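Report on one structure; see the data block that follows.
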Ligand code: BES
Ligand code: ZN
């Protein structure tokens with residue numbers, strides 16, 4: 001158990017909060033990097049919001065910089081080494097509290113190597129443990145280095161260690177991390193709260209056949225010798241980032257440039273296809289800059305991961321991580337790149353201070369994503385994407401408690417993943433679309449650009465957002481009344497000023513869907529071949545009015561007709577295939593089970609895997625044995641993020 005030590009008086013705390021200077025050489029100094037210097041706002045004092053998902057007490061002492069020196073052991077599936085942390089705090093502070101989960105802490109020392117006292121507190125199933133390190137009292141303006149020696153465990157929740165057999169090449173192992181929301185603490189002992197921004201550098205030692213990439217500037221393009229059969233790769237991130245954005249990938253990776261500042265890393269056999277698919281990335285960065293100001297991170301590259309990557313994409317700075325399921329062959333799913341790129345502003349520059357404020361990251365990003373898509377592909381495509389999002393939101397809200405349909409959440413005592421619903425994404429974006437409509441695009445864009453500038457490199461709470469928009473945009477009572485901002489944020493459901501998007505392109509799709517699904521027409525009447533992926537998704541998302549509870553709305557003959565006419569057994573687009581398999585499972589359509597089995601055992605994206613297992617489970621004596629059998633086969637290939645969610649539905653095999 002943790003004891004209290006090192007008392008800091010409230011007065012000392014209050015005075016010292018004003019004097020936390022940035023450490024010279026880090027963050028404030030971008031010399032030697034390809035990133036522009038930080039704005040003054042990045043070094044200003046932060047009033048930390050209360051983050052119930054972290055043990056840290058940043059108002060007493062906080063981490064400013066993390067220096068990792070780690071060696072990867074693919075046999076043991078561990079990262080072993082040190083994390084040197086630069087700590088600042090109030091004068092008199094004698095301890096810093098870090099977040100750790102499932103780490104093997106071997107010792108803590110000061111910069112000279114002298115051991116420091118430390119203690120790990122009791123384990124919380126969600127948060128992990130506080131690691132409290134004690135030291136001689138800090139003096140005013142001081143930066144103190146502590147060095148934590150540690151190793152990760154093979155079941156670190158952020159990390160997935162892949163055997164060569166689980167990669168495309170089949171020859172080399174692979175490792176990648178997923179930090180968001182609170183998983184960085186399973187591989188880096190630091191204050192793992194999105195409001196506590198930290199610069200970082202890293203030296204990572206791996207077998208010489210492998211390449212290391214991180215969400216940071218690469219300092220050793222070819223690696224450097226590090227003992228027999230090993231190479232070291234060094235990195236530096238000079239912008240302070242929330243710790244969930246510290247990310248690593250290790251494998252047999254090749255790189256192809258898209259333009260001078262964008263490119264793609266992936267396994268060599270996948271490189272040409274990935275590059276061809278992701279070509280629009282270069283124009284997206286240009287379009288994003290034209291909308292909301294300069295891209296502040298230097299390069300924008302993508303890492304296309306093996307199929308077990310648990311998310312569609314993850315906005316790791318300078319290096320978006322992406323699922324290979326977006327490599328559809330026709331660039332039809334590139335809105336995902338627009339989304340992750342948009343996070344370079346909404347999320348990575350202006351960051352949700354706590355996971356209760358996640359809509360500030362994801363809602364703003366879905367809005368921005370749509371603006372990028374409109375800039376590149378025009379209004380029709382953008383409206384289709386919006387209409388699909390609205391459909392998703394309606395289905396999602398039907399299954400959520402009223403409290404979980406508010407933008408501002410209270411996730412105290414819950415896993416922050418519980419907040420990862422379409423509410424944060426699509427209701428958040430709907431709020432921004434509504435404001436855009438009511439104030440006009442020009443004024444709204446000017447505010448949003450200013451919001452990113454004013455708040456760059458700072459944490460943002462819902463309340464600070466309201467303060468900013470009321471200062472800079474919503475300055476009249478009349479506008480305040482029309483926008484209904486408090487209702488959007490603090491009330492469940494959709495406020496009365498919401499106007500759903502109308503996509504004229506979807507009118508014939510909806511007619512075809514009614515003709516087939518409701519009026520039981522032939523599948524041959526569906527103009528499938530002429531449809532885009534978005535139109536196909538819309539068609540397959542059709543559901544009878546009031547849901548399908550208790551009743552099958554398609555006969556086995558219709559399902560067979562649909563499956564064969566649309567050639568759904570050979571469907572290569574993961575989004576389309578997923579939508580079809582949801583219908584198939586909900587109808588207990590046995591002939592689709594081999595397709596389902598193939599899908600679930602060759603890909604681990606949680607957005608596809610979890611709903612399919614959930615649907616199987618809902619189909620009782622038909623679905624549960626299938627779920628159990630498939631999960632036993634599939635689970636060893638999934639990332640801990642995915643197994644953690646599916647275990648809760650199917651149970652551990
Ligand atoms: N940052 C999210 C992923 C995330 C959110 C991971 C919260 C963990 C906790 C990422 O930007 C994202 O939203 N990915 C989506 C794709 C996007 C196009 C909606 C996904 O993975 O499906
Ligand atoms: Zn996102």
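Values in this text are rule-based calculations from the coordinates and carry no lab data. These figures come from a predicted structure and were not determined experimentally. Here the Cβ is made from the backbone with ideal geometry for all residues, glycine too, and neighbour counts use every protein chain on show.
Just so you know, the Cα atoms of segment 142-197 work out to an Rg and Dmax of 14.9, 50 Å. Computed over the Cα atoms of segment 94-180, the ratio of the radius of gyration to the Kirkwood radius (Rg/Rh) comes to 1.12. Give the angle, between 0 and 90 degrees and rounded to the nearest 10, that separates the Cα long axis of helix 620-634 from the longest principal axis of the Cα atoms of the chain. Helix 620-634 sits roughly 50 degrees off the main axis of the chain. Between 0 and 90 degrees, the angle of helix 593-602 with respect to the longest Cα principal axis of the chain falls at about 20 degrees. Percentage of Cα-Cα pair distances in segment 285-404 greater than 19 Å, rounded to whole percent? Within segment 285-404, distances greater than 19 Å cover 52 percent of Cα pairs.
Can you give the calculated 222 nm mean residue ellipticity of the chain, where each DSSP H run of n ≥ 4 adds -39,500 (n - 2.57) and the sum is split over every residue, rounded to the nearest 500 deg cm²/dmol? All intermediate terms of the calculation are to be shown ahead of the outcome.
Details: 19 runs with 214 residues, N = 653.
Only helices count here, giving -10000 deg cm²/dmol.
Taking every alpha-carbon pair under 8 Å whose residues sit at least 6 apart, segment 67-208 reaches a relative contact order of 33 percent.
Projecting label points 7 angstrom from Cα along Cα→Cβ for residue 394 and residue 565 puts them 2.3 nm apart.
I'd like the Kirkwood hydrodynamic radius of segment 222-349, using the inverse of the mean 1/r over distinct C-alpha pairs, in Å. All intermediate terms of the calculation are to be shown ahead of the outcome.
Details: mean 1/r = 0.0654 Å⁻¹.
Computed over segment 222-349, the radius equals 15.3 Å.
Computed over the alpha-carbon atoms, segment 337-442 gives an Rg to Rh ratio of 0.97, Rh here being the Kirkwood radius from the mean inverse distance. Note on segment 183-275: along the principal axes its Cα atoms extend 39, 35, 22 Å, ordered by decreasing extent.
Suppose a student asked you for the relative contact order of the chain, using Cα pairs under 8 Å spaced at least 6 residues apart; what percent would you report?
On the way: 1281 pairs, mean separation 72.1, N = 653.
Worked out over the chain, it gives 11 percent.
For segment 395-539, the calculated P(r) over all alpha carbon pairs, in 5 Å bins from 0 to the bin holding the longest distance, is 2, 8, 14, 15, 15, 13, 12, 9, 6, 4, 2, 0 percent.
Note down the nm distance, to one decimal, between modelled labels 7 Å out along Cα→Cβ at residue 84 and at residue 401. Distance between label points: 4.7 nm. Rg/Rh for segment 32-170 (Cα atoms only, Rh after Kirkwood) is 1.02.
Taking a virtual spin label 7 Å from the Cα of residue 453 along the C-beta vector, which residues in segment 295-320 bring their backbone nitrogen under 14 Å of it? Those under the cut-off are 295.
Take the Cα pairs of the chain, get the Kirkwood Rh, then feed it into Stokes-Einstein at 37 °C and 0.692 mPa s and tell me D in µm²/s.
Details: Rh = 25.8 Å.
This corresponds to a translational diffusion coefficient of 127 µm²/s.
Counting residues in segment 52-122 as N, plug N into 2.2 N^0.38 Å and put the Cα Rg over that result.
Details: Rg = 13.7 Å, N = 71, 2.2 N^0.38 = 11.1 Å.
Ratio of Cα Rg to 2.2 N^0.38 Å: 1.23.
Computed from the C-beta positions of residue 553 and residue 472 and an R0 of 35 Å, the FRET efficiency is 0.10 to the nearest 0.05.
Using the Kirkwood radius built from alpha carbon pairs, what does the Stokes-Einstein equation give as D for segment 398-442 at 25 °C and 0.890 mPa s, in µm² per second?
Values: Rh = 11.8 Å.
In µm²/s, the coefficient is 208.
Size descriptors for segment 475-596, from the alpha-carbon set: Rg then Dmax equal 18.9, 61 Å.
Any chance you could list the semi-axes, whole Å, largest first, of the equivalent ellipsoid that the Cα gyration tensor gives for segment 586-653, using √(5λ)?
Numbers: eigenvalues 61, 32, 20 Å².
Gyration-tensor ellipsoid for segment 586-653: 17, 13, 10 Å.
Quote the FRET efficiency, to the nearest 0.05, computed for residue 276 versus residue 136 with a Förster distance R0 of 45 Å and r equal to the Cβ-Cβ distance. Provide the component values of the computation, followed by the final result.
Details: r = 58 Å, r/R0 = 1.28.
After rounding, the FRET efficiency stands at 0.20.
From the P(r) of segment 311-365, can you give the percent of Cα pairs sitting at distances over 14 Å?
Working: 795 of 1485 pairs.
Of the Cα pairs, 54 percent sit more than 14 Å apart.
The simple Förster model, with R0 at 22 Å and r as the Cβ-Cβ distance, assigns residue 163 and residue 126 a FRET efficiency of 0.15. Stretching the chain fully between residue 519 and residue 112 yields a gain of 138.7 nm (0.36 nm per residue, less the alpha carbon separation). Every Cα-Cα pair of segment 525-625 was included, and the share exceeding 17 Å stands at 51 percent.
What's the exposure ranking of 87, 182, going from fewest to most Cβ atoms within 10 Å?
Values: 87 23, 182 26.
So the residues, fewest neighbours to most, are 87, 182.
Rounded to the nearest 10 degrees, the inclination of helix 606-618 to the longest alpha-carbon principal axis of the chain is 60 degrees. For the peptides 140-149, 309-318, 158-167, the ranking by mean Cβ contacts within 10 Å, running from highest to lowest, is 309-318, 158-167, 140-149.
Could you work out the relative contact order of segment 484-552? I mean the mean sequence separation of Cα pairs under 8 Å and 6+ apart, divided by the number of residues, in percent.
Values: 29 pairs, mean separation 19.4, N = 69.
Relative contact order comes out at 28 percent.
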